[in-house]
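The values are calculated or read from the model by the stated rules, or taken from the named source; none is laboratory data. All of these numbers come straight from a predicted model, not from anything done at the bench. Here the Cβ positions follow ideal geometry from the backbone for every residue, glycine too, while neighbour counts run over all protein chains shown.
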Amino acid sequence: MKNTSIKKPIQLSLFDSVVLSSESLMATGSPRCAVYNIWLVREPGGYVVKKESGAAGKKMIPWVWRFGDFDQAEGFFQKKVREKVNPDRKTRVYEKVAVDSKKAA
């Protein structure tokens with residue numbers, strides 16, 4: 001008999017995606033003012049960590065990581081933010097930027 005694995009069923013949502021957490025970071029020491037935006041999003045079927053990065057005013061480069069479990073997604077999100085703002089980092093160091101909610105809407 002063939003060995004098959006059965007995936008755990010995923011509860012689908014009737015609602016759209018919901019942003020659970022987000023951070024906007026900027027590397028002030030960067031010649032082109034590097035920007036890093038990251039979101040933790042609940043989507044139908046699981047959780048997603050999305051990021052966009054690039055130079056301010058230029059086309060951003062998107063990435064998406066998918067998770068079935070909230071704890072894994074949140075841990076990954078927090079790890080990415082910690083890595084970027086670490087002052088002992090060998091490459092560019094980012095700082096958290098306050099986002100004006102009136103301008104973002």
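Which residues, taken from segment 17-45, are within 16 Å of W65 (Cα to Cα) and among the polar types (S, T, N, Q)?
Result: S17, S21, S22, N37.
So in segment 16-30, with the set limited to residues that are touching a strand residue (DSSP E or B) at 6+ places or on another chain (Cβ under 9 Å) and of a type outside the set (S, T, N, Q), which one is modelled with the lowest pLDDT? Even if it seems obvious, please write down each step before you answer.
First, pick out the residues of segment 16-30 that are touching a strand residue (DSSP E or B) at 6+ places or on another chain (Cβ under 9 Å): 16-28, 30.
Within this subset, residues satisfying the condition of being of a type outside the set (S, T, N, Q) are 16, 18-20, 23, 25-27.
Working: D16: 79, V18: 90, V19: 93, L20: 94, E23: 95, L25: 94, M26: 93, A27: 92.
Step by step, filter segment 16-30, then rank; the result is D16.
Among the residues of segment 38-53, count how many are at pLDDT 95 or above and within 17 Å of E74 (Cβ to Cβ).
9
Any chance you could count how many residues in segment 48-93 are under 19 Å from C33 (Cα atoms), assigned to a loop (DSSP other than H, G, I, E, B) and of a type in the set (G, A, S)?
Within segment 48-93, residues that are under 19 Å from C33 (Cα atoms), assigned to a loop (DSSP other than H, G, I, E, B) and of a type in the set (G, A, S) number 2.
Give the residues of segment 67-77 that are farther than 14 Å from V19 by Cα and either at pLDDT below 95 or of a type in the set (D, E, K, R) (or both), sorted by residue number.
If we filter segment 67-77 for residues that are farther than 14 Å from V19 by Cα, which is where we start, we get 67-69, 71-72, 75-76.
Selection gives G68, D69, D71.
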